[in-house]
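Visitor: Submitted below is the structure of interest, expressed as structure tokens.
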Amino acid sequence: MMNLLEGKRGLVIGIANDDSIAAGCARAFQKAGAQLAVTYLDERAKPFVQSIAQEVGADIFLPLDVQDDAQLDALFEHIEAQWGQLDFLLHSIAYCPQDDLHGRVTDCSREGFAQAMDISCHSFIRLAKKAEPLMKNGGCLLTVSYYGAEKVIDNYNIMGPVKAALEASVRYLAAELGPSGIRVNALSPGPMKTRAASGIAYFDTLIDDARARAPQRRLVTLEDVGNMATGLVSDYARNVTGNIAFVDAGYNVVS
């Protein structure tokens, strides 16, 4: 993996703490030689992200609440001014109000569904629009999904339809941006003990089931996901687009 991303510049969105999928990917990107821009949600989150940004030697470290258009504009203006280009982007954010996340899909509120879709799915589309003019020599947009987009997973609830919309967006963006040399893919890791996952009810049961039933009989690690992400944003995957890449020890093949 050494020097696989030498000379490439990437934006990482979604680091919450050391155990975030985005943190594992950022470390893998840096190890492979990439220069990175890293964002944090707000001042409360900043200290937890700053140590990782320093660890990976981030050239750019700025706030980004994807619901704030002014922050989104400022981030990409800064990237353009400092780098003049962007080679890849990782979108690893999702949110749903707790009441809607823990309830039935049937009972999901209009407001909760709209917010979950806006932050977890449409933000990726907005980022693609901002990144497109900076990917002058092509590039890769990468997001993070989960198997619950394809099959019903107990307690995943409304995030299943939301992630299904995200995966459909990956395919349509891949078709639209492909002529410009921009590839669009999604990672679909197996269950991992991240802060985002902690909001899912009975998550420990999901973890135990994945470990017991996956063909490789083990859970995946942040390093596993980071290595796959590095491969996907590299030139080795130049003909891979519109793809949902499972990193789950084979769990997705088990009925």
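The values are calculated or read from the model by the stated rules, or taken from the named source; none is laboratory data. None of the values given here were measured: they were computed from a predicted structure. Here the Cβ positions follow ideal geometry from the backbone for every residue, glycine too, while neighbour counts run over all protein chains shown.
Visitor: Counting just the residues of region 201-255 that are within 17 Å of Asp154 (Cα to Cα) and either in contact with a His (Cβ under 8 Å, 6 or more places away or on another chain) or among the small types (Gly, Ala, Ser) (or both), which one comes out modelled with the lowest pLDDT?
Guide: The residue in question is Ala201.
Visitor: Of the conditions (1) in contact with a helix residue (DSSP H, G or I) (Cβ under 7 Å, 6 or more places away or on another chain); (2) within 30 Å of Gly7 (Cα to Cα), Ala149 satisfies every one except a single condition; which number is it?
Guide: (2)
Visitor: Among the residues of region 187-196, is any at pLDDT 95 or above, over 15 Å from the mean Cα position of the chain (by Cα) and crowded, with 17+ Cβ neighbours inside 10 Å?
Guide: No, region 187-196 contains no residue that is at pLDDT 95 or above, over 15 Å from the mean Cα position of the chain (by Cα) and crowded, with 17+ Cβ neighbours inside 10 Å.
Visitor: Still on this structure: Scanning region 104-119 for residues that are of a type outside the set (Phe, Trp, Tyr), over 16 Å from the mean Cα position of the chain (by Cα) and buried (at least 16 other Cβ atoms within 10 Å of the Cβ), which turns out nearest to Thr143 (Cα to Cα)?
Guide: Looking at residues that are of a type outside the set (Phe, Trp, Tyr), over 16 Å from the mean Cα position of the chain (by Cα) and buried (at least 16 other Cβ atoms within 10 Å of the Cβ), I get Gln115.
Visitor: Evaluate the following for Arg171: is it part of a helix (DSSP H, G or I) and farther than 13 Å from Gly139 by Cα?
Guide: yes
Visitor: Follow-up. Quick one: Asp19 ticks every box in (1) at pLDDT 95 or above; (2) closer than 25 Å to Pro191 by Cβ except a single one, so which number is it?
Guide: (1)
Visitor: Also: Any residue in region 87-109 that is without any contact (Cβ under 8 Å) to a residue 24 or more places away in the chain and within 23 Å of Tyr172 (Cα to Cα)?
Guide: No, region 87-109 contains no residue that is without any contact (Cβ under 8 Å) to a residue 24 or more places away in the chain and within 23 Å of Tyr172 (Cα to Cα).
Visitor: Scan region 70-94 for residues that are surrounded by fewer than 18 Cβ atoms within 10 Å (Cβ to Cβ) and aromatic (Phe, Trp, Tyr) and jot them down.
Guide: Trp83
Visitor: Taking interchain pairs and intrachain pairs at least six residues apart, which have beta carbon atoms under 6 angstrom, with the first residue in region 198-217 and farther than 12 Å from Asp248 by Cα and of a type in the set (Ser, Thr, Tyr) and the second modelled with pLDDT of 85 or more and in a helix (DSSP H, G or I)?
Guide: Taking only residues 6 or more apart or on different chains, not a single pair turns up.
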